[in-house]
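For reference, the structure is listed below as structure tokens.
What follows draws every value from the coordinates through simple rules; no lab data is involved. Given the structure is predicted, the values throughout are model-derived calculations rather than measurements. For neighbour counting, all protein chains shown are included, and Cβ atoms are generated from backbone atoms with ideal geometry for every residue, glycine included.
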């Protein structure tokens, strides 16, 4: 206050000095100046007061027309943002604030409509999903992250009718799982699942009533688990039927193998006697026969006996190969020896059948490991077939080549050939390609199957290329000595 009084006094002194300068120390002039100053002072005060009043009026107008509506709009916007879509929005006037409030009203209506559509779509999707799950033949259980059942369809309750009150939303999953395990056949749980059901993978469960269920479980994105139960009793019964049929077929095949082996041995003893006696008679070792026709008959008996013995030997060899009892007398050898011997045995047959017979590729050594007798049997079978199925004037070839780590031998002919589907038939034991052309030729259907078995025992591979009326090529690829271990049967 003292400072203010001092400043007032100083200002008054300055005014007095100014008045004296302007009035030249005249009393009247001095009074006139003081009066003018006072008037100016009051005028300035009045103008200032008027300005303050005007400012107050303007502030009130701004508050009532702009600030208050904007504040209310902000509060409404906050409530809408929190999800209170039914919050009323104040009505707006014709100014900019009114336009803003009107726009907020339109926006609120649009949001309500969008939310209504989304809700309707969600409810519709949920209804469709619920309907699909209810009509599904598979049992479905959805387990929430907290461990309680969130969904269980009626098919699941049909699988476990005694547990229907438990298999409902809200039940703890562990309690439902324990109840399900109590419905299983003793020992029905597969090994490796710790004596319980692994709901995160797969399991096959047999119920006490005999039905089979396949369980498949997987985790959901929110941390829960969805589990499917499928009734595959029919499939399980079919599998069991197939398993039984397979066992019966294996038993029948084993019985067939034993029968053929036993019969082959039983037949060979009297057959050898027949062959021996027919050789004596046809050779007239004890003198001439009384009639030449007896000599012809004895020759027929000898040829038939030898043919029957060859068939029996083939059957016995095939039975041994199928039962895994055929053994090889393996040694290192030059394949040329086997091929030359086979070619020498077949040349006379080719000449008699008016066939051209060529042998190539025997200039260089062809080292292999194998049983010479069995290898000779392989090529004699193939060459005999070639002669049998090639008409007069045709050609037969026997070719060998060194193919790096392998020796490849090919037997070819220009005979009647086969269709691709006929090759599969010919490779089956006793298989006969059933058509008029081939039915003219005798044979038991053991040559190719036995040849294939012998080839596989030597660790070799056989490829047949044939075309009807254009001939057949059979290539056998043998591993060279020391490159591949033989698959010998013991």
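Please compute the length gained on full extension between residue 209 and residue 226, using 0.36 nm multiplied by the number of residues separating them and subtracting their Cα-Cα distance.
Result for the pair: 3.6 nm of gain on full extension.
To the nearest 0.05, how large is the calculated FRET efficiency for residue 233 and residue 174 if R₀ is 22 Å and r is the Cβ-Cβ distance?
That pair, residue 233 with residue 174, gives E of 0.20.
If r is the Cβ-Cβ distance from residue 109 to residue 35 and R0 is 56 Å, what FRET efficiency results, to the nearest 0.05?
Calculated transfer efficiency: 0.20.
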